[in-house]
Amino acid sequence: MPVSEALSSATKSSKVVVVGLNAALQKRFVLSPSAKLVPGSVHRADHMEEGVGGKGQDVAISLSCLVSDKRKMDDDEEMDIALAQFIGAGAEGEQVLSLLRTNFCLDDALTVRPEAKLRTCTTIVGSDCSTELVEPSGSIQQDELDSLMAKVHAKCGGGDNDASVVDALCIMGSMPPGCPSETYADIYSRAAADNTLVLIDSVVGVQPLLQSLSTGKKKGAVLKINASELCRLANVEQEESTSEADKTSEKDIRKAVTSFFQTFKVGKGALDYMAITDGRHPAHLVEILKDDNEDASSPSFQMLKMDVIDLLSTNDNEPITLYPIGAGDTVAAGTLAAWQCLSSFQGEQDQKQSRNLLSRKVQDLLATKRKAWGLTANIENDDMALAFAFGLACGSASCLQEENSVFDVEDAMGLLGKMGKPQSLS
C-alpha cells in the first residue's frame, strides 16, 4: 500500500495500540488429561484446535476479554484497541485476520498484509507441561514497513505533538526478518506523547528503544520480562536453574537487573519499572529510583515480591490440565489495562468519567484490594504494584482456558482476591 493511501485510510481514534509484528496461526494439539509429554515418544492428540498466535495478538485478545466484560456490565463509552501488525499472505493469514475481526472485534486499521506467508506455531499440551514449535517468519519488505509506519503516524498523532490519542502503547515480542533493530523505537516516536503509558515485553531492538524512551515523550514506561529472559539478556548465569520452568533466585534477579542497566547503558528516565515474571513462581516488581548520581554505573532500585496463586493446589486435588502458552502476554495486558485505569483519575468523580478497559466491578475490587494492602491512591509505585498484581491474576486465569490468552474476568478477580500483599525486599 502506498504511503499516501495509508495516511488517508487511518483515522485518529484509537486509545490502546498493541504492536505485534510477528503474528502466527496457532495450532494446539491437546493430549488426554492423563497423558504426560515425553520427549521421543509418539503422542496422540485427544483433540486439536486452531486460533491466533503471536505475543502482540495475545495481548490484544486478552484486552478484548476485559472489554467484553466491561460491555456486559457498563453503559459508558469503551476504549478502542488497535493492533499494529503484519498479517502474512495465504490461507493462514486470512484465517487469523478473520478470527481477530469476528471473535475479538479488534481494529485492523494498523494492519499491513505483506507478501510473505504467515507462520504457524504448534503447541503440544500434556497433563504435566506444554511445549511449542515455532515456524520461521517470512521477510518484510521496505515498502511494507513504510506502510505500517505511515499508518501508525496517521492513526496515533504522537511524535512531535503534545498529546497523542494513544493512552497506552504495548510493544510485544520479536520482529520478523526485514525489520531493523530501530523499528520499535520508530513506532514509539510516532505513537507516544506526554500522556502515553508504555509497556515493553520484548528482548529485540532493546537498545534503540531504551535510548528513545530516555529522551522521548511518555507518561511512564515499564519493561515486563520473564526472569530467565532477563538473565540471558543481562548475561547473568542462573546459579540454581536448569530450565525456564525452574525458580530464579532473588540473588540472580538482583544481579540481572543491575547487569541489564550496565549492559544497555539505560539513560535516566527511560524506564520507571521492571515487571519480572517467573512462571508459577513469585514475580518481582522493580521500581527504578530517580536519583541524581550521574556517576553511578546503574540506577538504584527497590524491589517487591509478588504473589502468584498455585492453581494446582486450589483445585481440591482433582486432575487439571493447565494451558500456560500466552499467559505471560495476558499478564502484560492485565497490567497495562489496570495501570492505565489507576493512573487516569484522581478521585471518584474522575473515575466515573475516565475511559478505560476495566468494568466498574473490577475497579471496585482494585479499590478494595488497595485498602486491604494499605496502598495509597495516586501514588505511582502503589498504582503499579496493584496493576501488576491484577496482571498476574489475569495471567493465571488464562491458564485455565485452552485458547491462548483468553480468560474469564471473574476467574481473574477471584485469584486477585486470594493474593497476599506485595513484600518489600529492599
Exercise. Could you grab the pairs with beta carbons closer than 8 Å, sequence gap of 6+ or different chains, first residue in region 40-57 and closer than 26 Å to I87 by Cα, second one exposed (fewer than 10 other Cβ atoms within 10 Å of the Cβ) and of a type in the set (V, I, T)?
Key: none
Quiz prompt | Selection from region 161-210 of residues that are assigned to a strand (DSSP E or B), in contact (Cβ under 8 Å) with a residue 40 or more places away in the chain and among the hydrophobic types (A, V, I, L, M, F, W, C) | solution = A168, L169, C170, I171, M172, L197, L199
Quiz prompt | Matching option when the condition is closer than 23 Å to K117 by Cβ and either basic (K, R) or touching a strand residue (DSSP E or B) at 6+ places or on another chain (Cβ under 7 Å) (or both), among G173, G220 | solution = G173
Quiz item: For region 379-407, how many residues meet the condition of being farther than 18 Å from K305 by Cα and out of contact with any Leu (no Cβ under 8 Å at 6 or more places or on another chain)?
Solution: 8
Quiz item: Any residue at all in region 80-89 that is farther than 17 Å from F407 by Cα, outside any loop (DSSP other than H, G, I, E, B) and in contact with a Lys or Arg (Cβ under 6 Å, 6 or more places away or on another chain)?
Solution: yes
Practice problem: Please name all residue pairs, on different chains or six or more residues apart, with Cβ atoms under 7 Å, provided the first residue is in region 371-383 and is surrounded by 14 or more Cβ atoms within 10 Å (Cβ to Cβ) and the second residue is assigned to a loop (DSSP other than H, G, I, E, B). | Solution: W373/K421; D382/L375; D382/T376
Quiz item: Does E94 satisfy the criteria of being free of Cβ contacts under 8 Å to residues at least 60 places away in the same chain and in a strand (DSSP E or B)?
Solution: no
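Name the residues in region 29-44 that are hydroxyl-bearing (S, T, Y) and more than 16 Å from L322 (Cβ to Cβ), would you? Give the derivation first.
Step one: of region 29-44, the residues hydroxyl-bearing (S, T, Y) are 32, 34, 41.
Of everything in region 29-44, just one residue is hydroxyl-bearing (S, T, Y) and more than 16 Å from L322 (Cβ to Cβ), namely S41.
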Exercise. Only residues that are small (G, A, S), part of a helix (DSSP H, G or I) and surrounded by 21 or more Cβ atoms within 10 Å (Cβ to Cβ): list them for region 245-288, please.
Key: A256
Quiz prompt | C105, sole failed condition from (1) touching a Gly at 6+ places or on another chain (Cβ under 6 Å); (2) closer than 18 Å to N404 by Cα; (3) among the hydrophobic types (A, V, I, L, M, F, W, C) | solution = (1)
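Using the structure shown, decide if L213 is among the hydrophobic types (A, V, I, L, M, F, W, C), part of a helix (DSSP H, G or I) and closer than 23 Å to W339 by Cβ. Step through it out loud before you land on a result.
On the way: among the hydrophobic types (A, V, I, L, M, F, W, C): yes; part of a helix (DSSP H, G or I): yes; closer than 23 Å to W339 by Cβ: yes.
Criteria met by L213.
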Quiz item: When only residues in region 22-54 that are in a strand (DSSP E or B) and in contact with a helix residue (DSSP H, G or I) (Cβ under 6 Å, 6 or more places away or on another chain) count, which is surrounded by the most Cβ atoms within 10 Å (Cβ to Cβ)?
Solution: V52
Exercise. Sort out which residues of region 99-142 are outside any strand (DSSP E or B), without any contact (Cβ under 8 Å) to a residue 60 or more places away in the chain and surrounded by fewer than 18 Cβ atoms within 10 Å (Cβ to Cβ), and write them in order of number.
Key: R101, T102, N103, C105, D108, E115, P136, S139, Q141, Q142
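Can you go through A154, A82 and tell me which one is modelled with pLDDT under 95 and in contact with a strand residue (DSSP E or B) (Cβ under 8 Å, 6 or more places away or on another chain)? Can you show your working first?
Details: A154 fails: in contact with a strand residue (DSSP E or B) (Cβ under 8 Å, 6 or more places away or on another chain).
That would be A82, the only listed residue that is modelled with pLDDT under 95 and in contact with a strand residue (DSSP E or B) (Cβ under 8 Å, 6 or more places away or on another chain).
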Practice problem: Sort out which residues of region 111-134 are at pLDDT 95 or above and either at positive phi or among the charged types (D, E, K, R) (or both), and write them in order of number. | Solution: R113, E115, K117, R119
Self-check item: Set D408, D350: member being at pLDDT 95 or above and acidic (D, E)
Solution: D408
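The values are calculated or read from the model by the stated rules, or taken from the named source; none is laboratory data. Everything numeric here is computed off the predicted structure, so don't read it as measured data. Heads up, the Cβs are rebuilt from the backbone with ideal geometry, glycines too, and the neighbour counts pull from every protein chain shown.
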